[in-house]
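Step one of this worksheet: look at the structure below.
The values are calculated or read from the model by the stated rules, or taken from the named source; none is laboratory data. Quantities reported herein were computed from a predicted structural model and do not represent experimental measurements. As a convention, Cβ positions derive from the backbone with ideal geometry for all residues, glycine included, and neighbour counts pool all protein chains shown. Heads up: the accessible areas ignore ligands, DNA and RNA and are worked out on the full protein's heavy atoms, side chains in. Shrake-Rupley method; radii C 1.70, N 1.55, O 1.52, S 1.80 Å.
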Amino acid sequence: MTIGQSNFAQKTFEITTKNNVLVLETDKDNSLLLSYIGKKLKNTAEYSSIQSLDKYKPGSDDLFNKREAYIASGSLNLLEPALTVTHADGNKSTELTFSRVEEKQIDQNRKLTSIVLKDAKYNFEVSLHYLSYFNEDVIEQWVQIVHKEKGDVVLNKYASANLTLSGKKFFLKNHYSGWGREMRSEEQQLLHGIKTIDSKLGTRNNLLNSSSFMISIDQPATEDLGEVVAGSLEWTGNFRLDFETFDEYYLRLTAGINNFSGNYTLKPGEEFITPRFVYTYSANGKGIASRNLQNWARNYQLLEGMGERSTLLNNWETTYFDFNDEKLNHLIQDTKKLGVDVFLLDDGWFGNKFPRNNATAGLGDWQFNKQKLANGISALGKEATANGVKFGIWLEPEMVNPKSELYENHPDWIIRQPERKEYYMRNQLVLDLSNPKVQDFVFNTVDEVFKEVPDLAFIKWDCNSLIYNANSPTLKNQDHFYLEYVKGLNSVLERIRKKYPKIPMMLCAGGGTRVDYAALKYFTEFWPSDNTNPFDRIFIQWEYSYYFPSVAVDNHVTDMGKQPIKFKTDVAMMGKLGYDVKVNELDEKELLFSQNAVKIYNSIKDIVWHGQQYRLQDPYENKVAAISYVSETRDTAIIFNYYVSTLYNAKNAIPIKLKGLDPDKMYKIEEVNLYPGTTSPIDSQRSYSGDFLMTVGINPEADAGRTSVVLKVMTL
Ligand code: GLA
C-alpha cells in the first residue's frame, strides 16, 4: 500500500500550469478539498498521497476546518465561509458535495476545468471554474450558482474563490491609497483571526485599499526567494478579501464581491456568476509572480496588451479650466513640435447654461462650451489633423454636478436617498447606472463625441466621486444596487467596445483609484495618480509593477516637483510616456532634450511595454532604485536608475546586479537619454558577459549630480 492510499474512491483533479499545480480531491464524504497549491511534483501519481498526510484528514475531530475548495456555511464549517445561502424554505444550511467534472481544452495554452458541486437536500448547484493559463502560470477562478428550488433563494455571501494555504507563517503585502498617494505598501505577518481588506465605496473601488495583494508563505518573500501567491479580484466595485489563519498551519483566503448591503435574490433557473479571481503562485519570489501577472494581462486581459500605444500632450496641468480655441490651437502645434502623437483635451470643454469653468458646475452637460470653443470640438479635431497629430478628449460620463441641466432635467437618474441630505465628493453625484436609461445616456455621450470628431484618437474616462447615499430611484430591490451599478457600467463599456473596438481609453478615477483587471478589459491604460512629482512616482510606479504591466501605466512629465526635466522624463519613460507641460516655456536645451527623449523613447518603448520586467533595487532601502526591461530574445535590456537618497551626494558604491539576460551572451552598455552638453562615465566600448552582469553587476554611477541614468544593454 502506498502512503495515502485510502479505501474510498478518492478522485483527484489536477489543474496544471508550466511550473505549478493545484490539486483538488474528494474525500470519503464526497466533499471537494483543495489539497495542494505549489510546485509540480515529478511523479504526478503522488498527488493523491498528499491529502492523507494532512492533519485535517477526514475522520479527525477537527472537521470544522476541513480544507474544502469552496466553503459553504450553516452546517459543518464554522470559520469564514465563501458561500452563505438562505434557501427558498428559509433554511440557512448548505452542504456541497462533488457531482461531476467537465474539462475543456480551449487552446494549447488554456484549459477550463469546471467542477460541479451539489447540495444533497436542495436542488442547488455550484460550479467551480478554474481557467488555467499554462505558460503564464496563472489561474482565474470563479463560481456559477444555479438552483431549482420552489421559490427564490437569497445569496448572503457569494465569493469567487477560496484558497487554503498551508505554511508555518503567512505575510500579507497589501496596498492602501488616498488621493495623490496611491498604492502605498505594507507587509505584515497575519496573526490569528481574520484580516479583511475591502471596499464599500461603490465607484473608485481602490481609493482606500487595493484589491491586489501578495501572500508570502513561511517568511516574507524577496524578489527572487520564497513562496508567493499573488492575486487580484476582477471587479470594478465593492470587493472583499478575507485572510483567516487558523490552527498553526493554515491560511484561508476568500475573495469576492463585498456582500455588504448586497443580499442577492436568485430566482429558480437564474444563474449567478461571480467575478473572476486571478492568481499566480511563485516558488521563487515576488519577481516571478509579477511577471506572471504582467504576461497574463498583456496576453489575455488588458485591452491591446501586446499592441501599440499613443504618446500624449495633455493640457490639464498647464491650463486647468482656463482655455479657449486659440490656446488649444497653440497646444496642438506644441504636440507636433514635441513629437508626440495625440493632443488630449482635458476637463472644462463643455457646459453652457452652467459652464464648466471650475469643478462646481456643468458636469453632465456634454455640449461644447460656446464661449471657450467657438467652433466646437470638431474644429479642434480638424486642427489636430491639419497639424499632423491626433485629438483626444476627457469625459466623466458617470457623474453629475448639482449645477447642471442634467441634474435639473433628470433627478431620477441620480443616486441618492430621497429623504436625506445630499453628500458630494468634488461637488458631484453619481448617475444611476443600474437604470438602462442612464446606460443609454452614458453610451450616447461617448457616441456623440465620435459624431463630432470621427477621427477621435483617445478618451480619458474619469470618475471622481464615491457613492454616498447608495440608493437607486428606480431599482426595485436595493440589495442589488451595488451589483447592478457595476453590471450597468460593464454593459456600457461593452457597447462602446463593440462600436469602437480600438480607440485607446485611459482609466482614471481622480488618479489611480479604480485599477482592477475587470476594468482593464475595456481600457488600454490607466492613470496611476494625480501625483506626478517624479520622486513620489518612483514609489507609486514601483508598487503598481507588482501587478500591472508598464504598457498600461500612463506617466506624464509635468511641472510638479523641482527635479530637472531629465529626471522627470526618465521616470515617466518607465511606462507610457506623456507630457503635461507648457512646451512654449521650455528653454532651448529642455526642448531639444525633450524632442530627443521622445525619439529615444520610440526606439525603446517596445521593450518597456512588452519585455520582461525585473525590479533590481528597491527605492525604500537603497540610494539608487533600479528597474529593468528585457526583450523577449534577451538581446536588449533597458535599465532605469534613479537616485533617491536625500543625503548629499551619497554614492551607490556597489554594482547593481542585472537579471533576465543570457549568461552566455556578450553585451555592451550604452547610456541613453543624456541631457544636452553632458557626457556619460559609462564606457560604451567595454563588453561584459551576461553571466558577469548578473553575478557582479554594473554601477550606473547615479548620484546627486546624475540623478537618473538610463542604460541600454545590447548584445555585441
Ligand atoms: C481628475 C483627474 C485629473 C484631471 C481632473 C480634471 O482629478 O485625475 O487628471 O483630469 O480630474 O478635472
Looking at region 632-645, which of its residues are open to solvent by 10 Å² or more (accessible area, probe 1.4 Å) and part of a strand (DSSP E or B)? 636, 643
Of the residues in region 411-448, those that are touching a Phe, Trp or Tyr at 6+ places or on another chain (Cβ under 6 Å) and either under 20 Å from residue 359 (Cβ atoms) or assigned by TED's automatic domain parsing to the domain that holds residue 202 (or both) come to 423, 431, 445
From the options 620, 601, 648, 629, residue that is of a type in the set (Phe, Trp, Tyr) and part of a helix (DSSP H, G or I): 601
With respect to residue 465, determine if the residue is in contact with an Asp or Glu (Cβ under 8 Å, 6 or more places away or on another chain) and small (Gly, Ala, Ser). no
Could you give every pair whose Cβ atoms fall below 7 Å, whose first residue belongs to region 433-450 and is hydroxyl-bearing (Ser, Thr, Tyr), and whose second residue is open to solvent by 20 Å² or more (accessible area, probe 1.4 Å) and not in a helix (DSSP H, G or I), counting only separations of at least 6 or pairs across chains? 434/475; 445/366
How many residues of region 387-430 are in contact with a strand residue (DSSP E or B) (Cβ under 9 Å, 6 or more places away or on another chain) and of a type in the set (Gly, Ala, Ser)? The answer is 2
Test: residue 696 is modelled with pLDDT of 95 or more and touching a helix residue (DSSP H, G or I) at 6+ places or on another chain (Cβ under 7 Å): no
May I ask you to list the residues in region 89-122 that are surrounded by 15 or more Cβ atoms within 10 Å (Cβ to Cβ), polar (S, T, N, Q) and part of a loop (DSSP other than H, G, I, E, B)? 93, 94, 109
Of the numbered conditions (1) in the same structural domain as residue 703 (by TED's automatic domain parsing); (2) under 19 Å from residue 709 (Cβ atoms), residue 632 fails exactly one; give the number of that condition. (2)
Here's a check for you: in region 425-440, which residue that is under 11 Å from residue 492 (Cβ atoms) and open to solvent by 10 Å² or more (accessible area, probe 1.4 Å) is nearest to the ligand (Cβ to nearest atom)? 439
Evaluate the following for residue 169: is it within 30 Å of residue 31 (Cα to Cα) and basic (Lys, Arg)? yes
What strands (runs of 3 or more DSSP E) completely inside region 245-319 contain at least 3 residues that are away from the ligand (no atom under 16 Å from the Cβ), open to solvent by less than 10 Å² (accessible area, probe 1.4 Å) and over 25 Å from residue 210 (Cα atoms)? none
When you scan region 508-540, how many residues do you find that are more than 16 Å from the ligand (Cβ to nearest atom), open to solvent by 10 Å² or more (accessible area, probe 1.4 Å) and under 17 Å from residue 555 (Cβ atoms)? 2
Condition met for residue 348 (in a loop (DSSP other than H, G, I, E, B), within 16 Å of the ligand (Cβ to nearest atom), surrounded by 17 or more Cβ atoms within 10 Å (Cβ to Cβ) and among the small types (Gly, Ala, Ser)): yes
Against the definition (farther than 18 Å from residue 305 by Cβ and either open to solvent by 30 Å² or more (accessible area, probe 1.4 Å) or over 17 Å from the mean Cα position of the chain (by Cα) (or both)), how does residue 607 come out, yes or no? no
Which numbered condition trips up residue 505, out of (1) within 16 Å of the ligand (Cβ to nearest atom); (2) at positive phi? (2)
Quick check on residue 53: is it at pLDDT 95 or above and closer than 19 Å to residue 251 by Cβ? no
